[in-house]
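Worksheet for the structure shown next.
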Amino acid sequence: MKTINLSEKYARFKEHWHPYIVAELNNNYVKLAKLQGEFIWHKHDEEDELFIVLEGTLMMDFRDKPTAEIKAGEILVVPKGVEHRPWTKAEVKVMLVEPKSTLHTGTTIVEQTVTDLEWI
């Protein structure tokens, strides 16, 4: 077993909205991402999605609920099947814990969709 230094991992990439795998936990991946600006509306039909905000403030729009504001040190679970759109006013660093089967943008495929997840 060895520790994972999150600062070192974040320093290895600059892309926004591109998750990178840093660990495995049971049948889940632990992913890091930098977010900035707006992302797309999407949903995950079979998996819940856990957002852990490490730095900054993440906004999450929902079709039928008020926008959620998730600050550093807070988490948000988006239940499976719930359409959502994350966005930020400035760069945000998040950790995601998701089943290995979770597709980046669900069944919505756009230019930003990452299909081959990378370990860092």
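The values are calculated or read from the model by the stated rules, or taken from the named source; none is laboratory data. No experiment lies behind these values; they were computed from the predicted model shown. Positions of Cβ are generated from backbone atoms using ideal geometry, with glycine treated the same way; all protein chains shown enter the neighbour counts.
Details
- The residue pairs whose first member lies in segment 3-23 and is free of Cβ contacts under 8 Å to residues at least 24 places away in the same chain and assigned to a loop (DSSP other than H, G, I, E, B), whose second member is among the β-branched types (Val, Ile, Thr) and surrounded by 14 or more Cβ atoms within 10 Å (Cβ to Cβ), and whose beta carbons are closer than 7 Å, counting only pairs six or more residues apart or on different chains, are ILE4/VAL22.
- Look at (1) surrounded by 15 or more Cβ atoms within 10 Å (Cβ to Cβ); (2) part of a strand (DSSP E or B) and you find that VAL82 fails only one, number (2).
- Taken over segment 85-94, the criterion of being β-branched (Val, Ile, Thr) and part of a loop (DSSP other than H, G, I, E, B) is satisfied by THR88 alone.
- When we screen ILE70, ILE40, ILE52 for residues that are closer than 25 Å to TYR10 by Cα, in contact with a strand residue (DSSP E or B) (Cβ under 8 Å, 6 or more places away or on another chain) and part of a loop (DSSP other than H, G, I, E, B), the only hit is ILE40.
To keep it simple, each residue is scored yes or no on (1) among the polar types (S, T, N, Q); (2) within 16 Å of MET95 (Cα to Cα).
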residue: HIS16; (1), (2): no, yes
residue: PRO19; (1), (2): no, yes
residue: ALA23; (1), (2): no, yes
residue: ALA33; (1), (2): no, yes
residue: GLN36; (1), (2): yes, yes
residue: TRP41; (1), (2): no, no
residue: GLU46; (1), (2): no, no
residue: ILE52; (1), (2): no, yes
residue: ILE70; (1), (2): no, yes
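- Boolean, VAL97 is closer than 21 Å to ILE21 by Cα and assigned to a loop (DSSP other than H, G, I, E, B): no
- Contact annotation: residue pairs with Cβ atoms under 7 Å, 6 or more positions apart or on different chains, pairing a residue in segment 74-102 that is more than 19 Å from GLN112 (Cβ to Cβ) and modelled with pLDDT under 95 with a partner that is among the polar types (S, T, N, Q) and assigned to a loop (DSSP other than H, G, I, E, B), are PRO99/ASN27; LYS100/ASN27.
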